[in-house]
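Below: one structure in structure tokens.
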Amino acid sequence: MSFLRYGYITGPIIGAVWIFVLATTVAITMSFATGDPFRPTLWLSLATGAVLGLGAAWELSSRIKAAAIAAVIFVLTLVGFGPMVMETSAFNAVFAAGALAVIGGWSLTKIMEGCPMGALTRHEMEEAWIRFLTGLGYIFFTAIVLVPFYVMVMTSLKSQSALLQNPLDFSLDLDKGWALFRSYQELFADFNFGTYLWTSFYVSVLTVFITLAFSIPGAYAVARLQFKGRAAFSRSILMIYMVPMIVLALPIYIAFSVTGLRNTILGIVLIYPVTTIPVALYMLQGYFRGLPAEVEEAGLMDGLNRLQVIWKITLPLALPALASVSLYVFMIAWNEFLLAFMLLDDPDIFTLTRGIASLNSSEIPREHLMAGAVIATVPVMALFLGLEKFMTKGLTAGSVKG
């Protein structure tokens, strides 16, 4: 790999791949947004990127290099000899070329920052490749998260006739106004989705309370108390969680059918904590071990019994972890599908995931299924994003003892 330690080699290689990736990303984005064909050109992208990567290694001001690279990309793209072919209106073409030019000029200059045309030190070469691979990672993981969500949302806002006419057109006709949300209105008016939402909400909340009621004393006992089999119990907690639920599906179905718990909310509330208690035990015991034992010993010396110590000292200190575990358990219960699909047959008590599965029918328009998926995704996504910092703090606070 010693040949890469020259700017006139590293620059063209990075530039060729980077410009092709950016052209592909912009083309897909513009195709989804407008419904017009935008296509990256493989060989022209690689050739353009190689030349621009060589220019990015030239010893000039970063601003000058970024502006020059952007200008070249913009002109070549518009005249049809650049990284992307566009069959669209003049406005969309200029916008796409401008977006590709600005992003390409700034990012390629940033990647090759500090890399001269000639020989590179090992540090300079590694810095350039790390920035390049980091950028690829950002684009890749952003795409695999946003593209399916975007397709889901756009499909839910289109009519059945528009989907049949062009299933790959994910642009919107904003002139329709509130009619865009017709599928959402019909879900609540005709498909009982308000009941599904409420059922999923209170089942998830009950699952959280039941899980905490069992996992808090269990995790505290493993972390603080000495008893026979403590180490084996601690090691075996996650082994239960690792058993695939599909293996237990038939025994659960038979047992719930015999006891009359199948097709009841009580059965769902009883079985959901079985899937969440092991992971909650594992998360909480690590946090309890990280809390200073001296604080609890001081409480015991002041006359508190063990339960009072847990209630008045340990739990207040463990609030970040409890909040994190609660949020995690809530998301598991909210998104659970297999047990709900297996145990619930009455539409009046469907959870949200079970209700969405009932929309997967040739008799129901596809946009209704996508609208149901959006309704199930957005609340828990907003909850997670809103509490992400708090959740991360709670999960990592007990990782270091002291």
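Taking segment 98-140 on its own, how many of its residues are under 18 Å from residue 26 (Cα atoms) and acidic (Asp, Glu)?
Number of matching residues: 0.
Can you pull out every residue in segment 131-178 that is among the polar types (S, T, N, Q) and assigned to a helix (DSSP H, G or I)?
Across segment 131-178, the qualifying residues are 134, 142, 155, 156, 160, 161, 165.
Can you name the residue in segment 142-170 that is among the polar types (S, T, N, Q) and surrounded by 11 or more Cβ atoms within 10 Å (Cβ to Cβ) and, of all such residues, is modelled with the lowest pLDDT?
Going through the qualifying residues, I end up with 166.
Right, something else. Looking at segment 278-324, which of its residues are free of Cβ contacts under 8 Å to residues at least 60 places away in the same chain and assigned to a loop (DSSP other than H, G, I, E, B)?
302, 303, 304, 305, 318
Taking residue 234, is it in a helix (DSSP H, G or I), assigned by TED's automatic domain parsing to the domain that holds residue 354 and touching a Ser or Thr at 6+ places or on another chain (Cβ under 9 Å)?
no
To continue, here is another question. Which residues, taken from segment 1-57, are assigned to a strand (DSSP E or B) and either touching a Ser or Thr at 6+ places or on another chain (Cβ under 9 Å) or without any contact (Cβ under 8 Å) to a residue 60 or more places away in the chain (or both)?
Our first condition is that a residue be assigned to a strand (DSSP E or B); within segment 1-57, this holds for 6, 38-40.
Within segment 1-57, 38, 39, 40 meet the criteria.
Is it fair to say residue 197 is touching a His at 6+ places or on another chain (Cβ under 8 Å) and either among the charged types (D, E, K, R) or modelled with pLDDT of 80 or more (or both)?
no
Given the condition modelled with pLDDT of 85 or more, of a type in the set (Gly, Ala, Ser) and closer than 30 Å to residue 230 by Cα, answer yes or no: does some residue in segment 352-374 qualify?
No, that holds for no residue.
Assess whether residue 82 counts as being in contact (Cβ under 8 Å) with a residue 40 or more places away in the chain, touching a helix residue (DSSP H, G or I) at 6+ places or on another chain (Cβ under 6 Å) and over 20 Å from residue 7 (Cβ atoms).
Answer is yes for this residue.
What number of residues within segment 108-124 satisfy the criterion of being in a helix (DSSP H, G or I), more than 18 Å from residue 62 (Cβ to Cβ) and either under 35 Å from the mean Cα position of the chain (by Cα) or among the hydroxyl-bearing types (Ser, Thr, Tyr) (or both)?
Adding up the residues that qualify gives 1.
Does residue 292 qualify as being over 27 Å from the mean Cα position of the chain (by Cα), at pLDDT below 85 and farther than 30 Å from residue 161 by Cα?
yes
The values are calculated or read from the model by the stated rules, or taken from the named source; none is laboratory data. Given the structure is predicted, the values throughout are model-derived calculations rather than measurements. When we count neighbours, we look across all protein chains shown, and the Cβ atoms used for this are built from the backbone with ideal geometry, even at glycine.
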